[in-house]
Amino acid sequence: MQPVTLADLGFDPEQLIRHVGLIGLFLIVFAESGILIGFFLPGDSLLFTAGLLVATAVMATPLPLVILGCAVAAIVGDQVGYAFGHRYGPGLFTRPDSRLLKQEQLARAEDFFERHGAKTVVLARFVPFVRTFAPIVAGASTMHYRKFTIYNIVGGTLWVATVTTLGWALGTRFPGIADYLDVAILVIVGSSIVLIVAEYLRRRAHRAS
């Protein structure tokens, strides 16, 4: 039996980037970073694949430009998410579930924010779904705008640079990794989860001591 791939599930990161181009990649990163309808977009996968495509010369854009553009898109997306949460936040937490927005998703982001404080803005970047709702929750909780902006710049830049550079480095060192893109993406997602679990256990141990 052949393994199920991302393409089988209707999502092929490489083909998506080829189709939407560099500007489309920036828009997707922007949307996933703070626009409610963007929570389902595969930011990690696309950033990693973009780095891989640069390494294998499929994408002609220099890596620094890809990182810069995606980082700006991610930061601006979070700023928009914060503004939206600041303006409409209270109503979001009382409205009924819809197809695109469920209270469970908001509650998950709110709980994450309460446990990790301002660092959530940085940590959430590496957690699918949570990174979309974190800036909205930050705005709804009236987190100081300047403080949010600083953490947002750090988190957005770190997320984009880390994941994209990882794809580029692996693509440069192991050109054949493109044939195992599904596995590589699973490793990225798994690593993100491990980082968050480690942070949670550290804070729990600190509280117990």
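The values are calculated or read from the model by the stated rules, or taken from the named source; none is laboratory data. Remember, it's a predicted structure, so these values are computed and weren't measured experimentally. Here the Cβ positions follow ideal geometry from the backbone for every residue, glycine too, while neighbour counts run over all protein chains shown. Accessible surface areas use protein heavy atoms only, side chains included; no ligands, DNA or RNA. Shrake-Rupley method; radii C 1.70, N 1.55, O 1.52, S 1.80 Å.
Might you let me know whether region 167-179 holds any residue that is modelled with pLDDT of 70 or more and touching a Gly at 6+ places or on another chain (Cβ under 6 Å)?
Checked against the condition, which is being modelled with pLDDT of 70 or more and touching a Gly at 6+ places or on another chain (Cβ under 6 Å), region 167-179 yields at least one hit.
Tally up the residues in region 40-56 that are surrounded by fewer than 23 Cβ atoms within 10 Å (Cβ to Cβ) and modelled with pLDDT under 80, please.
3
Answer with yes or no whether residue 59 is open to solvent by 10 Å² or more (accessible area, probe 1.4 Å), outside any helix (DSSP H, G or I) and either in contact with a Lys or Arg (Cβ under 8 Å, 6 or more places away or on another chain) or at pLDDT 80 or above (or both).
yes
When the residues of region 144-153 are filtered to those that are in contact (Cβ under 8 Å) with a residue 60 or more places away in the chain and not β-branched (Val, Ile, Thr), which remaining residue is surrounded by the fewest Cβ atoms within 10 Å (Cβ to Cβ)?
Checking each candidate, the answer is 145.
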